[in-house]
Amino acid sequence: MNITHRLEYTLDDPERSALLALLSGCFPGFFSDRAYFKQLPHARLLGHVDGELVAQVGMDHRVVRVGDAPARVLGVVDLCVAESARGHGHGASLMREVESLASSGAVDFVILFADDHRLYDALGYTLVNRRCRWLAIDEHCSLDVFERQLDGCLMVKPTGLTSWPAGDVDLMGYLF
């Protein structure tokens with residue numbers, strides 16, 4: 001698989017169309033008319049096999065607050081692999097590239113929210129159950145600030161020697 005790193009605002013119409021088709025196939029009912037769910041990611045990694053887009057992951061770089069401390073994170077958004085291309089390690093390849101980018105920059109942790117932990121467990125992510133605060137967005141409207149205990153979905157991986165701090169998490173933005 002050939003992986004390219006693209007800033008979101010540099011994508012052209014054919015790339016956005018291919019992304020929409022991929023995301024719609026991987027997440028039925030969530031991507032009907034746009035290639036993002038709640039908010040545009042800052043950048044994406046695009047995976048192509050024989051010129052066809054078969055995998056993608058969005059990335060958001062931001063500061064979040066964990067307990068009393070700020071943490072620089074790279075948030076993973078909508079990792080997906082086309083059904084026809086699954087089982088070949090493409091998702092793991094994209095995640096390793098995310099981690100490489102995070103480790104080479106000023107990022108403390110890669111974080112994500114997932115219901116299925118198998119890939120992330122295999123890559124060394126840790127499940128953390130914390131109370132989280134985030135901006136609730138729906139159909140291009142900010143609705144509220146939600147604060148809830150999120151068990152079984154927040155996964156983190158440090159990019160260096162810093163451990164994930166204790167305490168509540170303020171995402172200071174939308175839920176990745």
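The values are calculated or read from the model by the stated rules, or taken from the named source; none is laboratory data. As the structure is a computational prediction, the values presented were derived from the model and not from experiment. Using ideal geometry, Cβ is built from the backbone for each residue, glycine included, and neighbour counts are taken over all protein chains shown. Ligands, DNA and RNA are stripped out before the accessible areas are found, and what is left, the full protein with its side chains, is counted by its heavy atoms. Shrake-Rupley method; radii C 1.70, N 1.55, O 1.52, S 1.80 Å.
Six or more apart or on different chains, Cβ atoms under 6 Å: show the pairs whose first residue is in segment 118-144 and farther than 26 Å from R96 by Cα and whose second is of a type in the set (F, W, Y) and open to solvent by 30 Å² or more (accessible area, probe 1.4 Å). Final answer for the pair search is W134/F146; A136/F146.
Can you tell me which residue is farthest from the chain's Cα centre (by Cα) among those in segment 88-115 that are charged (D, E, K, R) and modelled with pLDDT of 95 or more? Filtering segment 88-115 for residues that are charged (D, E, K, R) and modelled with pLDDT of 95 or more, the one farthest from the chain's Cα centre (by Cα) comes out as D108.
The set of residues in segment 1-25 that are more than 16 Å from L94 (Cα to Cα) and either surrounded by 14 or more Cβ atoms within 10 Å (Cβ to Cβ) or in contact (Cβ under 8 Å) with a residue 40 or more places away in the chain (or both) comprises E8, L11, E15, R16, A18, L20, A21, S24, G25. Which one is nearest to A18 (Cα to Cα), of the residues in segment 67-77 that are in contact (Cβ under 8 Å) with a residue 24 or more places away in the chain and surrounded by fewer than 22 Cβ atoms within 10 Å (Cβ to Cβ)? Once the filter is applied, the top-ranked residue is R72.
Restricting to segment 145-166, name every residue that is touching a residue at least 40 places away in the same chain (Cβ under 8 Å) and not β-branched (V, I, T). Result: C153, L154, M155, K157, P158, G160, W164, P165, A166.
When the residues of segment 127-154 are narrowed to those that are part of a loop (DSSP other than H, G, I, E, B) and open to solvent by 90 Å² or more (accessible area, probe 1.4 Å), which ends up modelled with the lowest pLDDT? Walk me through how you get there before you give the answer.
Our first condition is that a residue be part of a loop (DSSP other than H, G, I, E, B); within segment 127-154, this holds for 128-129, 139-140, 151-153.
From the residues that got through so far, the ones that are open to solvent by 90 Å² or more (accessible area, probe 1.4 Å) too are 139-140, 151.
On the way: E139: 90, H140: 93, D151: 96.
The residue in question is E139.
Restricted to segment 24-48, and to residues there that are over 15 Å from L11 (Cα atoms) and among the aromatic types (F, W, Y), the residue that is modelled with the highest pLDDT is F27. Being touching an Asp or Glu at 6+ places or on another chain (Cβ under 6 Å) and open to solvent by 40 Å² or more (accessible area, probe 1.4 Å), is that true of even one residue in segment 102-118? Taking every residue of segment 102-118 in turn, none turns out to be touching an Asp or Glu at 6+ places or on another chain (Cβ under 6 Å) and open to solvent by 40 Å² or more (accessible area, probe 1.4 Å).
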